[in-house]
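Heads up, the thing below is written out as structure tokens.
Throughout, read-outs are computed from the coordinates displayed, never taken from laboratory work. Just so we're clear, the structure is a prediction, and the values are computed from it rather than from any experiment. Using ideal geometry, Cβ is built from the backbone for each residue, glycine included, and neighbour counts are taken over all protein chains shown.
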Amino acid sequence: MDPLAAIDLTLKRDVPKGSKKSPPLGPPIEDKPTKASKPAPEPVETGGGQVIDFSLVRDTDPGDRPVVGALSRILDGAIAYHAAERYKKGRGAGNGQVAKKRIGAGYIGLECDRQLAFKYHKIPFDERAPEDEFVTKGELQRHAESGHWAESKTVDWFREAGFIVETEVPGEIGYDGGPKQHGFYAGVDPVTGKYRLAGEVDGVITKLPESVPEEFALDLATIREAFGEPPIIWESKKATDKKWKKFKKVGVRDADPKYFGQLQTCMAHMQVPRVLFSMLNLDNMKYFFEIIDFDPAYAQGLIDRAAKVITSQSPQEFARMAATHTDHRCRFCDWKQSCWEMR
Ligand code: SF4
């Protein structure tokens, strides 16, 4: 029996009309004052006509140098502004087939039901003082760009090794007018006709290398056995050494329920029973790979929960994952204060 037959792929439930305002996307340049600094020393002639202006490098801790803070703030502001503009014109515009208010496979696996509802209902993040932010918007965007780099290089290297990897659906146009990524749409809104559950994957491996130099013959046999018959979904991630070690030790399922949920949901809806997960360690450029099989019960649980969130009115309808606000799992939640102030 086809295990996918048990999955409700359509999410036929109704959804309430009306949506909350999107979170503010930030000004072009963060208006953060620079730290008070000591009086600048005079520029020094070092011989040969070269003058070093020590006012730009006056502190011993690089993080405290005014030029570091100044440039970082200007770059962060510009990066965040342009990323927000691109988002508004693209995915955030609600153009194309996908609803503005939707659940993406990338976070359908969030452990906390209420947090998923906060995200779906587009409740603005709690306000935090700039110094209390865990990462700046610029840093966040640079993390995302390094992920795109890891993805595009990995696909290049797979192709050089003889794999056929499709990163686009041949002949189809995406929501932004560019090539369409492999993925799925589900949960159509009967009022707007747009999809409220969607996911994309980085690629689909449609063919393994036919032959390799003799010294790799055993490796190819191992890969064929692990992969089974293509197609197989491919998903790329990048990581720091610390995160990479965790994945290597415990595997994707236990290391990150969000990633695992993303892959299970995509397998369910794309009807592809296997994923190759690749993770590139950006500290030492080593890879971690894992073949993940489809788990129909797990995927069905996530899809059922997503349907409940889509048909809800407020995050308050969902239980918190923690018994107290001091729970470590709430520490980085963007709605911590809002969550614990409500019933
Ligand atoms: S603060 Fe904790 S319980 Fe509340 S939504 Fe966030 S993760 Fe869930």
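From the list 286, 258, exactly one residue is under 30 Å from residue 163 (Cα atoms), within 16 Å of the ligand (Cβ to nearest atom) and either under 23 Å from the mean Cα position of the chain (by Cα) or of a type in the set (Ser, Thr, Tyr) (or both). Which is it?
From the options 286, 258, the qualifying one is 258.
Starting from region 303-330, keep only residues that are closer than 17 Å to residue 120 by Cα, then list their pairs with residues that are more than 9 Å from the ligand (Cβ to nearest atom) and assigned to a helix (DSSP H, G or I) whose Cβ atoms are within a distance under 6 Å, requiring at least 6 positions of separation or different chains.
From residues that are closer than 17 Å to residue 120 by Cα, the pairs are 309/120.
Going by the conditions given, is residue 150 of a type in the set (Gly, Ala, Ser) and within 12 Å of the ligand (Cβ to nearest atom)?
No; evaluated as a whole, the condition is false for this residue.
Just the residues that are touching a Ser or Thr at 6+ places or on another chain (Cβ under 9 Å) and not small (Gly, Ala, Ser), please, taken from region 258-311.
Listed by number, the residues that qualify are 277, 279, 280, 281, 282, 283, 287, 288, 289, 290, 302, 303.
Checking the conditions here, which among 238, 258, 248, 286 is of a type in the set (D, E, K, R), surrounded by 19 or more Cβ atoms within 10 Å (Cβ to Cβ) and touching a residue at least 24 places away in the same chain (Cβ under 8 Å)?
From the options 238, 258, 248, 286, the qualifying one is 238.
Restricted to region 289-343, and to residues that are within 10 Å of the ligand (Cβ to nearest atom) and of a type in the set (Phe, Trp, Tyr), which residue is surrounded by the most Cβ atoms within 10 Å (Cβ to Cβ)?
Per the stated criteria, the residue is 335.
Identify, by number, the condition in (1) within 16 Å of the ligand (Cβ to nearest atom); (2) more than 23 Å from residue 281 (Cα to Cα) that residue 100 doesn't meet.
Exception for residue 100: condition (1).
Before we move on, is residue 123 in a loop (DSSP other than H, G, I, E, B), of a type in the set (Val, Ile, Thr) and within 16 Å of the ligand (Cβ to nearest atom)?
yes
Return the residues of region 191-238 that are among the small types (Gly, Ala, Ser), in a loop (DSSP other than H, G, I, E, B) and under 15 Å from residue 159 (Cα atoms); say none if nothing qualifies.
211
Of the conditions (1) part of a strand (DSSP E or B); (2) within 25 Å of residue 118 (Cβ to Cβ); (3) not charged (D, E, K, R), residue 309 fails just one. Which one is it?
Every condition holds for residue 309 apart from (1).
Being within 23 Å of residue 105 (Cα to Cα), of a type outside the set (A, V, I, L, M, F, W, C) and part of a loop (DSSP other than H, G, I, E, B) is the filter here; which residues of region 312-330 pass it?
312, 313, 314, 320 - these are the residues of region 312-330 that are within 23 Å of residue 105 (Cα to Cα), of a type outside the set (A, V, I, L, M, F, W, C) and part of a loop (DSSP other than H, G, I, E, B).
What are the pairs with Cβ atoms under 6 angstrom where one residue, in region 267-279, is more than 30 Å from residue 241 (Cα to Cα) and the other, located anywhere, is outside any strand (DSSP E or B)? Sequence gap at least six, or different chains.
From region 267-279, the pairs are 268/7; 268/299; 269/9; 271/4; 272/231.
Say whether the condition of being without any contact (Cβ under 8 Å) to a residue 60 or more places away in the chain, surrounded by 12 or more Cβ atoms within 10 Å (Cβ to Cβ), outside any loop (DSSP other than H, G, I, E, B) and of a type in the set (Phe, Trp, Tyr) is met by at least one residue in region 180-189.
no
Where residues in region 247-295 are among the aliphatic types (A, V, I, L, M) and in a helix (DSSP H, G or I), which of them is nearest to residue 184 (Cα to Cα)?
270
For region 164-190, how many residues are within 20 Å of residue 152 (Cα to Cα) and in contact with a helix residue (DSSP H, G or I) (Cβ under 8 Å, 6 or more places away or on another chain)?
The number of residues fulfilling the criteria is 5.
Of all residues in region 105-120, count the ones that are near the ligand (Cβ under 9 Å from one of its atoms), buried (at least 21 other Cβ atoms within 10 Å of the Cβ) and closer than 14 Å to residue 299 by Cα.
1
So which of 223, 232 ends up being surrounded by 13 or more Cβ atoms within 10 Å (Cβ to Cβ) and either out of contact with any strand residue (DSSP E or B) (no Cβ under 6 Å at 6 or more places or on another chain) or free of Cβ contacts under 8 Å to residues at least 40 places away in the same chain (or both)?
After applying the criteria, what remains is 223.
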